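To start, the structure under review is shown below, and the notes come after it.
The values are calculated or read from the model by the stated rules, or taken from the named source; none is laboratory data. These numbers come from a predicted model, not from an experiment. Heads up, the Cβs are rebuilt from the backbone with ideal geometry, glycines too, and the neighbour counts pull from every protein chain shown.
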């Protein structure tokens with residue numbers, strides 16, 4: 001078993017699949033702060049740098065052209 005970091009796992013396994021199936025970079029959001037983002041207004045805050053920041057982070061969000069999430073849990 002190979003011990004890959006989270007970043008290495010994304011780069012080696014997930015990102016190539018997204019590219020292979022045709023997802024364009026502008027519709028892939030990575031490391032989104034789930035606390036400070038406003039998903040109802042399609043505003044995404046991203047993790048900056050390393051270390052702990054307030055909030056929890058979503059590894060990937062796939063969005064439409066208007067930047068709304070492909071799937072969401074809002075009414």
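Annotations
- Taking segment 16-45 as the range and being surrounded by 13 or more Cβ atoms within 10 Å (Cβ to Cβ) and in a loop (DSSP other than H, G, I, E, B) as the test, the residues that pass are 23, 34, 36, 37, 42, 44, 45.
- Every condition in (1) modelled with pLDDT of 80 or more; (2) surrounded by fewer than 15 Cβ atoms within 10 Å (Cβ to Cβ) is met by residue 48 except one, and the failing one is (1).
- Among (1) modelled with pLDDT of 80 or more; (2) assigned to a loop (DSSP other than H, G, I, E, B) - the single one residue 13 does not satisfy: (2)
- Selection count, segment 19-51, where residues are within 12 Å of the chain's Cα centre (by Cα) and in contact (Cβ under 8 Å) with a residue 24 or more places away in the chain: 8
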